[in-house]
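As structure tokens, the structure follows; a few thoughts come after it.
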Amino acid sequence: MTRKIELYGRLRDAGAGEALELDLAAGLDAAAVLSAVAQALGSKEPLAGAVLATEAEVLSASDPVPESGRLAVLPPVCGG
Amino acid sequence: MRGLIQREPLDAARLCAAVESPSHGAVASFTGVVRNSHEGKSVVAVTYDCFEPLAAKVLAAIVAEAEAKFGARVAAEHRVGRLKVGEASVAIAAGSPHRSESFDACRYVIEEIKVRLPVWKREHYSDGDGAWLSGCSLAGHR
């Protein structure tokens, strides 16, 4: 299944722009999706401290990834 | 709703009005403003990036926590987009019967925003360069 993965903050400058389109198998957990993102970006380095999130919550590494809805990779935050 | 992500300029006076009550003897506010320097570099603007659906949910949760924790009425807004030096990036207001709860509620909200809100800032420098600022990982925040 092709999924759009949104990128935010410093990840927008990691070479893929504002989003990636990835072919993902069903039933993956968040850690597996982050690994696929790292592979697409060609490096794990930009993902240091990053998490996968839905519109409703930050996912833990072992959380299953919902099969629909928005997905985003969020680097460390610095609002305010 | 008293916790919002905004694209338009913030209005701290409007937030203060939103937390007023005849039973409140205190209204405190905090405004975060884009400053003109950072670590020796001359800053001309800051772009705030945001994952809006989650940020709106988290900001509303922080406001609700502050209200429950301090018995205050609280409002907070965070702006996104490109802001010039002097523009407000975040505004918080709290009203309560006595002053300490209002001060504490404002402090709680800004400190939680710093570590939980999915917002990122990219500074723009006078030499034309720019940089995303480092921050706090959301790992462990649910």
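Would a scan of the stretch B:79-89 turn up a residue that is within 28 Å of B:Ser23 (Cα to Cα), buried (at least 21 other Cβ atoms within 10 Å of the Cβ) and in contact (Cβ under 8 Å) with a residue 24 or more places away in the chain? Checked the stretch B:79-89: no residue is within 28 Å of B:Ser23 (Cα to Cα), buried (at least 21 other Cβ atoms within 10 Å of the Cβ) and in contact (Cβ under 8 Å) with a residue 24 or more places away in the chain.
Out of the residues in the stretch B:101-128 that are of a type outside the set (A, V, I, L, M) and free of Cβ contacts under 8 Å to residues at least 40 places away in the same chain, state the one that is surrounded by the fewest Cβ atoms within 10 Å (Cβ to Cβ).
Checking each candidate, the answer is B:Gly128.
I'm trying to understand the selection: among the residues of the stretch A:51-69, which are surrounded by fewer than 20 Cβ atoms within 10 Å (Cβ to Cβ) and within 10 Å of the chain's Cα centre (by Cα)? Residue satisfying the conditions is A:Thr54 alone. The residue of the stretch B:28-39 that is farthest from B:Arg122 (Cα to Cα), among those that are assigned to a strand (DSSP E or B) and in contact with a Lys or Arg (Cβ under 9 Å, 6 or more places away or on another chain), is B:Ala28.
A:Arg3 meets the stated requirement of being touching a residue at least 60 places away in the same chain (Cβ under 8 Å), more than 9 Å from the chain's Cα centre (by Cα) and more than 14 Å from chain B (Cβ to nearest Cβ). I'd like the full set of residues that are of a type in the set (Val, Ile, Thr) and under 28 Å from B:Ala68 (Cβ atoms), limited to the stretch B:79-134. Within the stretch B:79-134, B:Val80, B:Val90, B:Ile92, B:Val109, B:Ile110, B:Ile113, B:Val115, B:Val119 qualify.
Quick check on my filter: what residues within the stretch B:128-142 are under 13 Å from B:Ala45 (Cβ atoms) and not in a strand (DSSP E or B)? Selection gives B:Gly128, B:Asp129.
Looking for whichever is exposed (fewer than 14 other Cβ atoms within 10 Å of the Cβ) and either more than 7 Å from every other protein chain (Cβ to nearest Cβ) or among the charged types (D, E, K, R) (or both) here; the options are A:Ala25, A:Ala38, A:Ala16, A:Ala32. Which one fits? Among A:Ala25, A:Ala38, A:Ala16, A:Ala32, only A:Ala25 is exposed (fewer than 14 other Cβ atoms within 10 Å of the Cβ) and either more than 7 Å from every other protein chain (Cβ to nearest Cβ) or among the charged types (D, E, K, R) (or both). All conditions in (1) in contact with a Ser or Thr (Cβ under 9 Å, 6 or more places away or on another chain); (2) farther than 30 Å from B:Pro22 by Cβ; (3) in a strand (DSSP E or B) hold for B:Ile92, with the sole exception of (2).
Looking only at residues of the stretch B:108-142 that are closer than 15 Å to A:Pro75 by Cα and of a type in the set (S, T, N, Q), we find that the one that is modelled with the lowest pLDDT is B:Ser134. When residues of the stretch B:99-142 are filtered for being more than 10 Å from every other protein chain (Cβ to nearest Cβ) and more than 30 Å from B:Ser21 (Cα to Cα), how many remain? Residues flagged as more than 10 Å from every other protein chain (Cβ to nearest Cβ) and more than 30 Å from B:Ser21 (Cα to Cα) within the stretch B:99-142 amount to 7. Reported count of residues in the stretch B:48-66, each being surrounded by fewer than 21 Cβ atoms within 10 Å (Cβ to Cβ) and more than 10 Å from every other protein chain (Cβ to nearest Cβ), is 4. Selection over the stretch A:43-80 of residues that are modelled with pLDDT under 95 and charged (D, E, K, R) gives a count of 3.
The values are calculated or read from the model by the stated rules, or taken from the named source; none is laboratory data. Because the structure is predicted, anything quoted here is derived from the model rather than measured. With ideal geometry, Cβ positions are generated from the backbone for all residues, glycine too; neighbour counts draw on all protein chains shown.
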